[in-house]
Amino acid sequence: MTLRSVVRLILATGKIAEPAPPKPDVMSGRPPELAGTVQIRHVDAGSCNGCEVEIANAFGPVYDVERYGARLVASPRHADVVLVTGVVTHNMKEPLTRTVEATPRPRLVIALGDCARNCGIFADAYGAVGAVHEIVDVDLEIPGCPPTPDAIVSALRSVTGR
């Protein structure tokens, strides 16, 4: 999309970004140290990449979850939250546990999507070890196959409290 077509779209619709969804209830088990801004390390434990597309949309310019204090980081050592997508495969069991262990406390683990929550359509797959909660402790689950960007933004806002 060219800059000219973006300007035409903005002039035609009057919208630059989606309006902010209603402020969610603050997550009850959230450590108070995580209020305000959280750094998120994403781990793809074996997904079909549908959830990753929606994560990209949630962090993109339309939904812009960063305005609510959520930011993706490259290292688990800088993270407050581990966001896990996909059913955990044999090859990702150890990397997932190491990533969670490398994340400093207090930390939260979020299972994003039906595959991470309960193995989804991959429940009987030969390469699947299990859902994320079977490998590491999970603090928050986001349902959907894949979850919408609105659901992702709402869940992350409940973590940041913003």
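Quick note: the coordinates plus some simple rules give every number you see, no bench work behind them. Keep in mind that this is a model prediction, so the values were computed, not measured.
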**Net lengthening on full extension, Ser75/Ala102 (0.36 nm per residue, minus Cα-Cα)** = 8.8 nm
**Mean-position separation - Cα centroids, segment 84-115 and segment 131-154, in angstrom** = 11 Å
